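Worksheet: one structure, shown below.
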Amino acid sequence: MIVAVRSIGPLAAALGGKRVEVDVPDGTDIADLLGRLAKRSPPAAGLLGKDGRAPAQAFRAGKSLAPADLLREGDEVDLVLAVAGG
């Protein structure tokens with residue numbers, strides 16, 4: 001199934017664009033998606049976290065997704081990097 005991943009800034013540059021489409025098998029969850037993106041785009045691996053875990057947070061339709069949340073055909077997943085500072 002095809003899902004779209006949207007991102008901005010350094011993550012978008014590392015993934016190859018602000019919107020990339022990824023072909024994943026049925027039953028793929030967010031953690032799997034992040035892991036696939038890290039393998040597909042090694043420069044993004046450090047931004048996505050080890051084995052698809054934080055610091056990137058995933059959202060679908062404005063709602064935060066947990067690593068075990070399953071993807072659906074046609075999903076658009078927004079990835080946002082953790083921001084710190086003051």
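At-a-glance table
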quantity: Filter pass, SER7 being buried (at least 18 other Cβ atoms within 10 Å of the Cβ) and of a type in the set (Gly, Ala, Ser); calculated: yes
quantity: Long-range neighbours under 9 Å by Cβ, at least six apart or interchain, first residue under 18 Å from PRO25 (Cα atoms) within region 65-85, second loosely packed, with under 11 Cβ neighbours inside 10 Å and among the small types (Gly, Ala, Ser); calculated: LEU70/GLY27; LEU71/GLY27; ASP75/ALA61; GLU76/ALA61
quantity: Lone qualifier among ALA66, ALA54, ALA44 - being modelled with pLDDT of 90 or more and farther than 19 Å from GLU21 by Cβ; calculated: ALA66
quantity: Hits in region 4-19 (condition: assigned to a strand (DSSP E or B) and more than 10 Å from the chain's Cα centre (by Cα)); calculated: ARG19
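The values are calculated or read from the model by the stated rules, or taken from the named source; none is laboratory data. Fair warning: this is a prediction, and the values are worked out from it, not measured in the lab. Positions of Cβ are generated from backbone atoms using ideal geometry, with glycine treated the same way; all protein chains shown enter the neighbour counts.
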